[in-house]
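The values are calculated or read from the model by the stated rules, or taken from the named source; none is laboratory data. All figures in this text were calculated on a predicted structure; none of them were measured in a lab. Virtual Cβ from ideal backbone geometry, glycine too; neighbours counted across all protein chains shown.
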Amino acid sequence: MSALLLVAVCALQSQTNKTDAEQESQLIDLSNFYGKVVGTEGDSWFSHPDWKIVPKGLQNFDGILFDVSGTLLLKSQNMPQLKEAVRNIPVHKTCRYIHLLHGVGYADEDGTSIAIMEIHYANGDKRQFPIIYGAHVRNWWKEKEEKVSEVSDPNSGVAWSGQGEYPPPDRASVRLYRSTFVNPLPTEAIDHIDFVSQNSKAVPCIVSLSVGDKKPVVKPQATPALPSRK
């Protein structure tokens with residue numbers, strides 16, 4: 001194979017890999033639902049210093065396409081001024097999976113339901129999925145003294161994590177979680193989705209929503225090497 005042909009093949013393969021998520025993930029537009037929080041920088045949570053190191057725009061996490069362009073926040077005991085629910089997010093699609101990119105402000109007890117994701121179908125049916133602290137998501141800040149970092153739901157995990165000037169490196173890093181929910185009615189069109197707070201201590205933060213027929217591609221965790229026997 002000539003060098004020129006090899007370059008062309010590599011470029012084509014790279015473009016194919018890049019568009020895989022775009023072809024199999026369908027973004028749900030949340031731009032009309034992004035919320036603002038009084039008291040944060042610019043009155044917008046997304047402009048808070050926490051978010052400076054987060055990759056913005058279209059992102060491929062675990063093979064799923066997400067749009068990191070804002071945040072949808074729900075009320076909690078720590079932020080009672082927020083909306084209790086965000087309703088009527090239009091979908092109008094059929095799918096096998098619903099992918100959520102999210103985090104939470106503040107912590108709560110493992111097993112606490114922090115929000116409900118309600119799926120409303122075009123045929124009038126409704127299904128509810130609880131979003132549970134410790135199963136699907138943990139604190140947006142990963143504190144140095146955090147004892148348990150994993151989540152128990154096998155279809156959830158850290159999609160992105162990073163460390164910048166804020167939060168202080170000696171205290172914490174930040175992270176976003178990806179949770180995938182299996183649609184119980186994959187042949188029925190989803191009309192809309194609601195998110196409803198359960199008024200826990202944690203502040204639910206929905207960053208992006210995507211649907212499709214593709215499972216996430218999750219890299220297996222590295223197995224620690226066994227000590228050699230001499």
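Would you check if Phe181 is touching a strand residue (DSSP E or B) at 6+ places or on another chain (Cβ under 8 Å), in a strand (DSSP E or B) and more than 15 Å from Arg87 (Cα to Cα)? Criteria met by Phe181. Considering (1) of a type in the set (Lys, Arg); (2) at pLDDT 95 or above; (3) under 24 Å from Glu146 (Cα atoms), the lone condition that Lys52 does not fulfil carries the number (2). Within this structure, Pro167 fails the test of being modelled with pLDDT of 95 or more and farther than 25 Å from Phe33 by Cα.
The residue of the stretch 184-200 that is nearest to His48 (Cα to Cα), among those that are β-branched (Val, Ile, Thr) and assigned to a strand (DSSP E or B), is Val196. Just one residue in the set Gln15, Gln77, Gln81 is at pLDDT below 95, in contact with a Lys or Arg (Cβ under 9 Å, 6 or more places away or on another chain) and among the polar types (S, T, N, Q); that residue is Gln81.
Taken together, the criteria exclude Gly105 from residues that are at pLDDT below 95, in contact with a helix residue (DSSP H, G or I) (Cβ under 8 Å, 6 or more places away or on another chain) and closer than 23 Å to Asn199 by Cβ.
Looking only at residues in the stretch 64-98 that are small (Gly, Ala, Ser) and more than 14 Å from Leu30 (Cβ to Cβ), the one that is surrounded by the most Cβ atoms within 10 Å (Cβ to Cβ) is Ser76.
Has the stretch 78-85 got any residue that is in a strand (DSSP E or B) and farther than 24 Å from Ser161 by Cα? The answer is yes, given that some residue of the stretch 78-85 is in a strand (DSSP E or B) and farther than 24 Å from Ser161 by Cα. Considering the stretch 131-164, the residues that are basic (Lys, Arg) and farther than 25 Å from Val182 by Cα include one that is modelled with the highest pLDDT, namely Lys142. Within the stretch 139-162, being under 24 Å from Val196 (Cα atoms) and out of contact with any Ser or Thr (no Cβ under 7 Å at 6 or more places or on another chain) holds for Asn139, Trp140, Trp141, Val151, Ser152, Pro154, Gly157, Val158, Ala159. Counted as qualifying within the stretch 86-173 are no strands (runs of 3 or more DSSP E), as none has 3 or more residues that are within 20 Å of Pro204 (Cβ to Cβ), in contact with a strand residue (DSSP E or B) (Cβ under 8 Å, 6 or more places away or on another chain) and without any contact (Cβ under 8 Å) to a residue 12 or more places away in the chain.
Just so you know, in the stretch 18-49 the residues that are of a type in the set (D, E, K, R) and not in a loop (DSSP other than H, G, I, E, B) include one that is modelled with the highest pLDDT, and it is Glu24.
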